[in-house]
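What follows is calculated from the coordinates using simple rules that are stated; it is not laboratory data. All of these numbers come straight from a predicted model, not from anything done at the bench. Every residue, glycine as well, gets a Cβ built from its backbone with ideal geometry; the counts of neighbours run over all protein chains shown.
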Amino acid sequence: MELKRTVKFEADRDPEFARWISHTVGGERIRHCLQCGLCSASCPLSLYMDYTPRRLMHLSREGFKEEVLSSSSIWLCTACYACMVACPKKINITHLMYALKERAIEERFYPKRFPIPVMAQQFCRMVRGSGRITESWLILRVFLRTAIWRLLSMSGLGWKLFRAGRMPARRDKIQRQHEIVAMLDSVAATRKELAL
Amino acid sequence: MPETGRPTNGSNAGGVRVGVYVCHCGTNIAGTVDVRAVSEYAAGLPGVVVSRDYKYMCSDPGQALIQHDIQELALNRIVVASCSPLLHEPTFRRALDRAGLNPFLLQVVNIREQVSWVHLDKQAATAKANDLVRAAVRRVFLHKPLQRRRVPINPNVLVVGGGITGIHAALTLAEAGKHVYLVEREPTIGGHMAMFDKTFPTLDCAACILTPKMTAVGSHPGITLWTYSEVVKVAGYVGNYRVQVKRKPRYIIEDLCLGCQECVTACVYKEGKTPDEFNLGLSKRKPVYLPFPQAVPQKVVIDPETCIEFKSKKCKKTCVEACGDRQAIDFTQKETLEEIEVGTIILATGFKTFDAGRNPYYGYGRYPNVYTSLEVERLINAAGPTGGELLLRDGKRPQAVGIVHCVGSRDANTNRWCSKVCCMYSLKLAHLIKERTGAEVYNFYIDMRTPGKGYEEFYDRLLDEGVHFVRGRVAEVTDWAAHPSEKGKLVIRAEDTLAAFVRRIPVDMVVLSVGLEPQLDAQAVRRIFNISCSSEGWFLERHPKLAPVRTFTEGVYIAGACQGPKDIPDSVAHAGAAAAEALALIDAQFVELEPYTAFIFEDACSGCKSCIPLCPYQAISFAEEKKKATINEVLCKGCGTCVAGCPSSSIQQNFFEDEEIFEEIEGVLAYA
Amino acid sequence: MKCAYYPGCSLRGTGKAYEESLLAVFRSLGIEVQELDDWNCCGATTYLSVDELTSYALAARNLALAERERMDIIAPCAACYLVLNKTQHYIRDYPDIKTVVSRALATVGLEYHDRVRVRHPLDVFLNDVGLKAIAAKVVRPLKGLKVAPYYGCQIVRPYATFDDQRNPTSMDQLLEACGATVVPYPLKTRCCGGSQKGTLPEIGLHLIRYLIAEAQKNGADTIATVCPLCQFNLECFQKEAGSQRHPLSIPVLYFTQLMALALGAPAATIGLRRSLVPVEPLLAAKEIAYA
């Protein structure tokens, strides 16, 4: 029988994290959360989460950064907005999930070869490179970097889709690709300037 | 008589003798304003005979100072520079009165809220105080010795609404010997309380404690009970209201009906076809009916919408036959309009429950076995549609019941407020359901709110009874089964927040604990009585803590749930409070009205009638013979709208005449 | 008035049938559209996870391009519809975001002044054309075809501009105008899992299983969708999601495919050959011609 000692001291809290979540876009009302649990009950994915959305809100506003950013919840969220629509305090839970995802990716709080951040990064790379996403190439890239063997198991489906004309071989590109690059660089610069 | 006079270029004409008193207010004023300097400055103003500063002008010695000076120095005008007039103008006016001077020959200057409390620069603050005192001294020259007006109070009282609140208020007033008109729009009094089975926390039978009071109302010689009636118009002012009441036709002559209900049995409808309002549609009634067995007055009603005689004029009228010699049925009865005169009005119009259909996730209206709490009260009531048995619409008994708290409460999507009574009644229903049926009962709550006397102890009692408590707001009630055990059941999905996982609980019956809301016609009603509603729609009290039954309209009081969600003990207390306030007014026998009324210079009035529609209190009328407007001083509240609106400046307002105001302005702008 | 048609990346790939049938329906109903010139990827939900500021800028480029042409945008893909709407809201509500986006647009000579409406085809068909006009143009009524209308999440949450957020009926009404029978479908707005099937397969499968099973249980012959990812999820994993005892097999079509069929569009445009679960046998059984 493995025994674990759990007591949280104030030193275990990260006040900067708590401050950040209250000030980030969508976190303005996080202090109003009553912990009623309606979000968790509305969420189709909460069954699989280690911390339900409700618990995550409380842990975040109290500053328990470790627990929050290493939870599975933020990756399981599909952004279906069911929680936000139901919330009796009108807290923008979905947006906070996005913010937590962003921060977790930034600070590399995920296991190696975890498909979701890899998918996200490849997506962004493709947008920067072509301006549009070609699904087939995206899936290929993600599987190559995470689980090559799944490519084989999915090949049957892939072939059927190709035959039905739903998996084009050519990469889709926009004409004025330089505009995308210019805009991306501008955002990075403005962000730095305004310290956002 | 003190003379009035206008100072010209600062000289004192007309024998005006002004006393100026500058208050330190401890350090509240003196900490920022150099009160000694202000007092010295004032001493040099024209007309000022004496100028003093003192630590606390509102105290007894402070007031004695004023009184002494009035008598010894023959002062005929007083200026007090102190805190806001809202606080102590009455105090200083009383001091003048005691010294034999007309109380309206006083001007209060606010050098606290408007000077010392809002400025940091002492020099500038003192200079400002000087300017304001100078202006007041110039203004007070023009003050006139106004007289307050006394209006008698009619001792009759109108109580609107015949629920427990209205009933208690009416009985209290009637016992005090006043004549009460109790107007109720349903055919019987009793309100929501008559629908309940048992009441928390004592589990008293609601009807058992209510019906004696209802009977007392019905038989009290001091109460005129008008049911099936509504107030349509209110005119007048405090102590003198003229009220029009519309009495809807029951098609029964009330004085002749005994309430034997032979007509109901004899009705050509063999069984009821119309959803019974009292049983919330869970049973059916006939066109002629008694709302419920203990109705007061114990008289039947005929519903013209469903009675065949009204629709086709070809009914056999077996009811008339059954009534026999009494001949109490009268199909020709018409609506009547009664006019009564009362001095005070108490509104006790109650609440409505939240419409559970507004939350589509809970399936009310879609799934037959989802009920509101009020419907369940009727089901478990022995006089209800199922004789007190908890049966579903298909006649089956539920093995498991889920009670969902906070439906339509504490929710930004519907109503933000907490409805106060639902936790307690949910516990009560849990107890009654468990006791009567032995079913598994689940209460889904967010917080358990049990603040009243004996309430937490009631909760303790429930905790011993094996009811399941799940802390989590319910997300949905659904009939799709994710697990074989859920087939054919209604599944409640909620996060058990205390255990920190989501649970799906299959039940046979779902009870939605609906919150309380203002009545649908609250806005229309409040306009009739000239009171306000809060932003949420409840009637507005004058002060949430210190004046919970008074309104901003003198003589009109509010009591019970129409002011905000309340349980029965609080409603009864509220009713007693409203009755007491009404009695206080009645026992004073008259009310004194402030003389800030507007008056018309008839010579200047051109009869253009611009002022008449401007008055929010309908105090101005047109005198046809003279072709001039005329103001009813008693109705006038001194708002000043007509004064500002008159194109020929023929209307002036006592205490705020144009000359007085201009003199004050010039006083502020003059450089000493 | 001409509108800008914004296909989104998926309609060139797995959602090809959506584009084909949608354009056919536009033609049948006389709605003039022009593909937004040089549109770029809106970022979908993925970009938001990495860098929301950038994603607003990317989406705003499309808004600015449409504004320049003085056209409203019709976005059939549910994710694009949501992202474009969200971008508009956030630019309005948060000055910082507005600043970043405006500067980024300025670097490529574009401006955005909140003068574009982003609309979904459901909205356009229901409110601009109207049920009566559509019913009048139906030549192949879908009589006897039982459809479960699946809206998914992004059309109705969080911005429900043209339909009820909790119980939408726009698609129901359009399908009924085409003669189909709409079956009750309580899961009509429950999330299909989105991209989770790719990244966390077992979980994705679980969500998909319920949606298909419930449709079948309620007697649906086919499920109608508005989102390419929903269609992909519901169609392509039926064998995995089902079991030997409870097999799952039901065609999943775009609502525009059903409308195109009813309005008599040419067979090639209805895109039936693109389905992985064959549709032709179903139509034959219901005696609905499609050629």
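So here's what we get for this one:
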quantity	calculated
For residues of B:492-503, the mean tally of beta carbons on other chains within 10 Å	5
Exposure proxy ranking, count of Cβ atoms within 10 Å, fewest first, for B:39, B:82, C:170	B:39, C:170, B:82
Crossing angle, helix B:568-588 versus chain B [Cα axis fit, 0-90 degrees, rounded to tens]	40
Fraction of beta bridges assigned by DSSP in the protein assembly as shown that are antiparallel (%, nearest 5)	45
Above-threshold pairs, the threshold being 28 Å between Cα atoms, out of B:55/B:122; A:90/C:86; B:273/C:217; A:65/A:173	B:273/C:217; A:65/A:173
Burial ordering of A:137, A:159, C:39, fewest other beta-carbon atoms within 10 Å first	A:159, A:137, C:39
Local electrostatic count at residue B:154 - Lys and Arg +1, Asp and Glu -1, tallied over other residues with Cβ under 12 Å	+1
Shape category assigned to segment C:131-285 from the gyration tensor of Cα positions, a/c cut at 1.5	oblate
Average beta-carbon neighbours from other chains, 10 Å sphere, peptide C:94-100	3
The protein assembly as shown pair-distance distribution - Cα-Cα, 20 Å bins, rounded %	10, 27, 29, 25, 8, 1
Debye, to nearest 20: dipole size of chain A, +1 on Lys, Arg Cβ, -1 on Asp, Glu Cβ	740
Student exercise, the protein assembly as shown dipole from Lys, Arg, Asp, Glu Cβ charges, in Debye to nearest 20	3980
Alpha-carbon centroids, segment B:160-229 and segment A:95-134: separation in whole Å	68
Net charge contributed by nearby residues that have their C-beta within less than 15 Å of residue C:223 (K/R +1, D/E -1)	+1
GNM top mover of C:77, C:41, C:178 - chain C, alpha-carbon springs below 10 Å	C:41
Charge dipole (chain B, unit charges on Cβ, about Cα centre) - positive-most of B:531, B:124, B:137	B:531
Chain A: Cys lacking any partner C-beta under 4.7 angstrom	A:33, A:36, A:43, A:77, A:87, A:124
Student exercise, chain B dipole from Lys, Arg, Asp, Glu Cβ charges, in Debye to nearest 20	1080
At 1.002 mPa s and 20 °C, Stokes D of segment A:115-194 from Kirkwood alpha-carbon radius, µm² per second	150
Spatially close lysines, pair count over segment B:565-672: Cα under 30 Å, gap of eight or more or interchain	7
Spatial extent of chain B: Rg and Dmax, with the Cα atoms as the point set, Å	32.8, 101
Qualifying aspartates and glutamates (Cα of each under 20 Å from Cα of residue B:545; at least 8 residues distant if same chain)	B:536, B:554, B:567, B:570, B:581
Shielding score for A:23-31, defined as the mean number of other chain Cβ atoms within 10 Å	1
Acute angle (nearest 10 degrees) that the helix B:206-219 long axis makes with the longest principal axis of chain B, alpha-carbon atoms	60
Structure-based [θ]222 nm, chain B - -39500 (n - 2.57) summed over DSSP H runs of at least 4, per residue, nearest 500	-8000 deg cm²/dmol
³J(HN,Hα), Karplus 6.51/-1.76/1.60, whole Hz, each residue of segment B:619-635, x for Gly, Pro	8, 9, 10, 9, 8, 4, 5, 8, 6, 9, 6, 9, 9, 7, 4, 6, 7
Among C:78-85, A:1-8, the order from most to least packed when residues are scored by Cβ within 10 Å on average	C:78-85, A:1-8
Exceeding the 25 Å Cα-Cα cut-off - candidates A:101/C:98; B:286/B:434; A:112/A:160; B:286/B:428	B:286/B:434; A:112/A:160; B:286/B:428
Listed residue pairs exceeding 27 Å between alpha carbons, taken from B:213/B:396; B:198/B:396; B:248/B:316; B:270/B:313	B:213/B:396
Net charge of Cβ neighbours under 13 Å - reference residue C:60; Lys, Arg +1; Asp, Glu -1	+2
Fewest-first ranking of B:179, C:89, C:113, B:574, using other Cβ atoms within 10 Å as the exposure measure	C:113, C:89, B:179, B:574
Alpha-carbon spread of chain A, three principal axes, descending order, Å	56, 50, 33
Computed helical MRE - 222 nm, chain C, DSSP H runs ≥ 4 contributing -39500 (n - 2.57), nearest 500	-13500 deg cm²/dmol
Packing-based ranking, highest mean first, of B:338-346, C:118-126, B:86-94 given that Cβ atoms within 10 Å are counted	C:118-126, B:338-346, B:86-94
